[in-house]
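Beneath this line is the structure, given in structure tokens, with notes to follow.
The values are calculated or read from the model by the stated rules, or taken from the named source; none is laboratory data. These figures come from a predicted structure and were not determined experimentally. Methodologically, a virtual Cβ is constructed for each residue, glycine included, from the backbone with ideal geometry; neighbour enumeration extends over all protein chains shown.
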Amino acid sequence: MLVPVLGRGGSSPPPDTVSRPAGGFGSSSTRTARFLMAIASRGKRPSAGSLSSSTTSTVTVRRGSAPSVRIVTAPGDIAERIIPGLPQQRYRVAFNDITYGRYVVVGFFTEEVGPQRWDDFFGVSTPQLSFQAVFNHAAAMRNGGDRKPGGALACSAGGAHADALLDLPDEEILSRFTKDLLTVFPELDGKLGDAVVREHHRVVPFWAPGRRNSLPTLRNPLGSIYLAGDYQLDLPSLADAAASGEQAGKLCWPA
């Protein structure tokens, strides 16, 4: 039985001035850094430097003869490690209270023709399989007109399910997900095209009950160091990561 969880619903960034390693910064740090650099490009003309690994970024801002400030745009656990001599225990406690979710996702391009029974579902719950949900990203295109051939389905495993998969070869993950997807939609047998496997060790931050009470500490600057990231505002997401970067930029460059 299909269990739908969601039904069908109806400018270029400035050149990067922060060094970017292969694979990007990870989590939502890239979005945050881009917003910071977008602000920097609006006639402010501060200099920007960087301290980067696969998941870290620090933007250094100088304005005239004023002392420079730094904006750390990184996931919480990385920020804690790269800030030298983190001065106050309460900041370490607040960082340690943040936990990041893990996901393994396999996206399938499909080659079916004609209307399908999943066309009206954006998401389908799949308990007790190797993944927990199937997302139909082509659902928005199924608007009642002629259905074009093919589609795209993404199978997602999170939390403990993801932990059990992260050390496996991509080929094994793909084999398991393919087998289980065909138990949900057997009519896709022979109609699965290219597949893409993605392993995400750090996705959305979350807190154990009561632990989020320490978050306001991280909204205050550490002297000349400002913090920005997906853990900063009310709804952990790429949008909040970007908004926190813009907010930090405005604090550094008050009107």
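Points worth noting:
A quick yes/no check of all residues on (1) at pLDDT 95 or above; (2) under 27 Å from Thr99 (Cα atoms):
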{"position": "Val113", "(1), (2)": "no, no"}
{"position": "Asp120", "(1), (2)": "no, no"}
{"position": "Gln128", "(1), (2)": "no, yes"}
{"position": "Gly144", "(1), (2)": "no, no"}
{"position": "Gly150", "(1), (2)": "no, no"}
{"position": "Leu181", "(1), (2)": "yes, no"}
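- The residues in region 110-155 that are among the hydrophobic types (A, V, I, L, M, F, W, C) and within 16 Å of Thr178 (Cα to Cα) can be counted, and the count is 10.
- Residues satisfying the stated conditions in region 71-119, i.e. outside any loop (DSSP other than H, G, I, E, B), buried (at least 19 other Cβ atoms within 10 Å of the Cβ) and more than 23 Å from the chain's Cα centre (by Cα): Tyr91, Thr110
- Extreme residue, surrounded by the most Cβ atoms within 10 Å (Cβ to Cβ), among residues of region 206-242 that are more than 21 Å from Leu86 (Cβ to Cβ) and over 14 Å from the mean Cα position of the chain (by Cα): Leu233
- Complete set of residues in region 126-140 that are surrounded by 14 or more Cβ atoms within 10 Å (Cβ to Cβ) and either assigned to a strand (DSSP E or B) or of a type outside the set (Gly, Ala, Ser) (or both): Thr126, Leu129, Phe131, Gln132, Ala133, Val134, Phe135, Asn136
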